[in-house]
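Shown next, in structure tokens, is the structure this report addresses.
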Amino acid sequence: HGGKSACWILGGGSPKNFLLQTEPQIQEVLGLSEAGHDYFLQITDARPDSGGLSGATPGEAVSWGKVDPEKLPDAVVAYCDTTIALPLLTHYILAKGPRRTPKRLYEKLPAFLELLKEGFAEKREERIREGAFSGSGPTPQA
């Protein structure tokens, strides 16, 4: 519904992939139209040249639909130990950042979940009408 999504990654590895995997889940499994996360910030000491998941760049995440390619120029990777960077960033944000009323998103979880189910059900019916599930195998359940 036109909202924005962001990921702030401290370190990398499996937790990084778990967080970024939400976008391909929305696009491929649920069939909802989405381009990828709008904002990307990673603090890591892992280098991309070693080939490990922790050092994978936001440009690599674009190839999987995890980061919106139009937002890639604004993606930030800070190569620093997180135990140094996080306290510095936290202090700065608390000292200089404007105060705002908390959104209390967890309290809105049931409504968000219902929107997700409705979007999936609509896309599922559309795919059934198009014959996307006319082969062997089970038809996805809502």
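The values are calculated or read from the model by the stated rules, or taken from the named source; none is laboratory data. These figures come from a predicted structure and were not determined experimentally. Because the Cβ atoms are built from the backbone with ideal geometry, glycine has one as well, and the counts that use them run over all protein chains shown. Note: accessible area is taken over every heavy atom of the protein model, side chains too, but ligands, DNA and RNA are not part of it. Shrake-Rupley method; radii C 1.70, N 1.55, O 1.52, S 1.80 Å.
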Amide H contacts under 5 Å for Gly65, restricted to residues at least 5 apart in sequence or on another chain and with H modeled in the peptide plane, are none
Got a sec to turn the phi values of segment 97-113 into Karplus ³J(HN,Hα) couplings, 6.51 cos²θ - 1.76 cosθ + 1.60 with θ = phi - 60°, whole Hz, x for Gly and Pro? x, x, 7, 9, 6, x, 7, 6, 4, 4, 5, 9, 3, x, 5, 5, 5
Per-peptide average of other Cβ atoms within 10 Å, ordering 36-46, 76-86 highest first: 36-46, 76-86
Estimated 222 nm signal from helices in the chain, with DSSP H stretches of n ≥ 4 weighted -39500 (n - 2.57), rounded to 500: -11000 deg cm²/dmol
Can you tell me the accessible area per residue over the chain, all protein chains present, probe 1.4 angstrom, in square angstrom? 72
Can you work out the FRET efficiency for the pair Arg104 and Glu130, with r the C-beta to C-beta distance and R0 = 35 Å, to the nearest 0.05? 0.35
Inter-site label distance for Val76 and Glu60 at 7 Å from Cα along Cβ, in nm: 2.2
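In square nanometres, what is the average projected area of the Cα convex hull of the chain?
11.4
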Please report the carbon-and-sulfur percent of the accessible area for the chain; probe 1.4 Å, protein heavy atoms only, DNA, RNA and ligands left out. 59
Sequence gap at least 6, Cα distance under 8 Å: using those rules, report the relative contact order of segment 1-88 to the nearest whole percent. 33
Given points 7 Å out from each Cα along the Cα-Cβ axis, report the Lys123 to Asp49 separation in nanometres with one decimal. 3.9
Taking the full set of protein chains and a 1.4 angstrom probe, give the accessible area of Leu53 in square angstrom, rounded to the nearest 10. 80
